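Each reported figure results from applying straightforward, stated rules to the coordinates on display, with no laboratory input. Please read all numbers here as calculations on a predicted model, not as lab measurements. Cβ placement follows ideal geometry from the backbone for every residue including glycine, while neighbour counts extend to all protein chains displayed.
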Amino acid sequence: MSLLIAGTIAFDSLETPHGNADRVIGGSCQYSSYAASYFTDDIRMVSIIGNDFPQEELNDLTSKGASLDGVKVVEEGKSFFWAGKYLDNMNERVTITTDLNVLADFDPVLPDHYRESEYILLGNLTPDIQISVVNQLEKKPKLVVLDTMNFWIDSAHDKLLEAIKLCDVLTINDEEARMLSGEHSLVKAAGKIFNLGLKYLIIKKGEHGCLLFDKNNVFFAPALPLAEVKDPTGAGDCFAGGLMGYIAKTGDASFENLKRALIYGSAAASFVVEEFSNHKIKSLSQSEFDERVEEFVKLSQFSL
Ligand code: AMP
């Protein structure tokens, strides 16, 4: 089933305890689309790039089944640029630079055939754009998921609350949940955020897994213990892309199926962190992906 993914397509400069990478390919829409491509070949990307983005990277995305009809190319502009540095524990990072560039004036116009998309992932992006995408949909989607980060909680707080009210699911990390709610306890934070009108809330805790909440239930999914994490960039985006790809494939947005989707999303995230940029997540075979999912099943299966 169709999956629309809005977000950034970017250049990133990264510093990690394992080394640096200068102006490598990044962006939430790009990462989520690769992760979702292991589940569906009807991916509709909504994003913007400048004249500096390599054509071969765009070709790689289309070869995975992603439509670029909603990706605007600004001939006179530069692509979004983000620079970040990871602390020694690799779970925390600081943003050094966010250059919005072409994103600053992006006012997306959805191609006609995107307007009846069934599943919507509003990846990490300006809340105004996330709202505009939802407002252009002509048929009520089956599920709308929104991802965000500290930058937008800080710089566009009220617009972000407006965007969240249009969604069914919010994915957010633990620090961002505390920031958004003003509560230190994650359970209290979840309660406050949930009351914004969500159906489900997912709180990501990096290498410590993630929590899924609905009105009455909580479910915990682990992260895979990995021998080496080289670059955590894109983990949240691949998590969201894998999760939504699985939901779009199965056409089931129940709590029970979201539990499974959490594992598929976590599997996608576990690959992207093993290499810098998109090198690993874009080049896996289906059997490699499926074997990783089996590892997750073994990791958390037990009997009483
Ligand atoms: P993640 O590690 O999953 O949170 O996503 C990292 C990716 O998000 C990087 O590739 C960045 O290019 C992109 N990114 C960083 N800051 C922002 C922002 N403020 N809005 C949208 N995308 C961003």
Nitroxide proxy distance, nm - points 7 Å out along Cα→Cβ at residue 99 and residue 69: 3.3 nm
Whole-Hz ³J(HN,Hα) from phi, Karplus 6.51 cos²θ - 1.76 cosθ + 1.60, for segment 192-204, glycine and proline x: 5, 5, 4, 5, 6, x, 7, 8, 9, 10, 10, 10, 8
Most fluctuating residue given options 37, 285, 67, as computed from a GNM of the chain linking Cα atoms under 10 Å: 285
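If each DSSP helix of 4+ residues adds -39,500 (n - 2.57) and the sum is divided by the residues in the chain, what number results at 222 nm, nearest 500 deg cm²/dmol?
On the way: 10 runs with 108 residues, N = 304.
Result for the chain, helices only: -10500 deg cm²/dmol.
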Residues listed by number, segment 13-39, amide nitrogen under 18 Å from residue 159 label point at 7 Å toward C-beta: 28-29
Cβ charges +1 (Lys, Arg) and -1 (Asp, Glu), total dipole of segment 214-304, debye: 200 debye
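Considering only DSSP beta bridges where both residues belong to the chain, give the percentage that are antiparallel (nearest 5). Show your work: numbers first, answer last.
Values: 20 of 52 bridges.
Close to 40 percent.
Sorting 16, 250 on the 10 Å Cβ count, fewest up front, what's the list? Write down the numbers at each step before the final one.
Numbers: 16 21, 250 15.
Ranking 16, 250 by Cβ neighbours within 10 Å, fewest first, gives 250, 16.
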Sparsely packed chymotrypsin sites (Phe, Trp or Tyr not before Pro) within segment 199-304, loop by DSSP, other Cβ within 10 Å at most 13: 302
Two-site label geometry, residue 297 and residue 1: point separation in nm, points 7 Å out along Cα→Cβ: 2.3 nm
Cα gyration tensor category, rounded, prolate or oblate, for segment 65-199 with a/c compared to 1.5: oblate
Integer Hz, Karplus 6.51/-1.76/1.60 couplings in order for segment 209-219, x for Gly and Pro: x, 8, 10, 10, 10, 10, 4, 10, 10, 10, 10
Sorted by Cβ density within 10 Å, fewest first, the residues 215, 142, 280: 215, 142, 280
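Given the alpha-carbon gyration tensor of the chain, what are the semi-axes of its equivalent ellipsoid in whole angstrom, ordered largest first, with each equal to the square root of 5 times an eigenvalue?
Working: eigenvalues 128, 100, 84 Å².
Each semi-axis is the square root of five times an eigenvalue, giving 25, 22, 20 Å.
By how many nm would the segment from residue 128 to residue 219 lengthen if fully extended, with 0.36 nm per residue of separation less the alpha-carbon distance?
Values: separation 91, 0.36 × 91 = 32.76 nm, distance 3.11 nm.
That pair, residue 128 and residue 219, stretches by 29.7 nm at full extension.
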In Hz, Karplus ³J(HN,Hα) per residue of segment 252-265 (6.51, -1.76, 1.60; θ = phi - 60°; x = Gly, Pro): 9, 10, 6, 4, 4, 6, 5, 4, 5, 4, 4, 5, 5, x
Cα-projected label distance for residue 192 with residue 150, points at 7 Å along beta-carbon direction, nm: 1.7 nm
Cα gyration tensor shape for segment 6-106, rounded if a/c is under 1.5, else prolate or oblate: oblate
Residues whose placed amide H lies under 5 Å from that of residue 77, excluding near-sequence neighbours: 51
Under-5 Å amide H pairs with residue 71, H placed in peptide plane, nonlocal only: 47
Euclidean distance between Cα centres, segment 149-178 to segment 251-278, Å: 20 Å
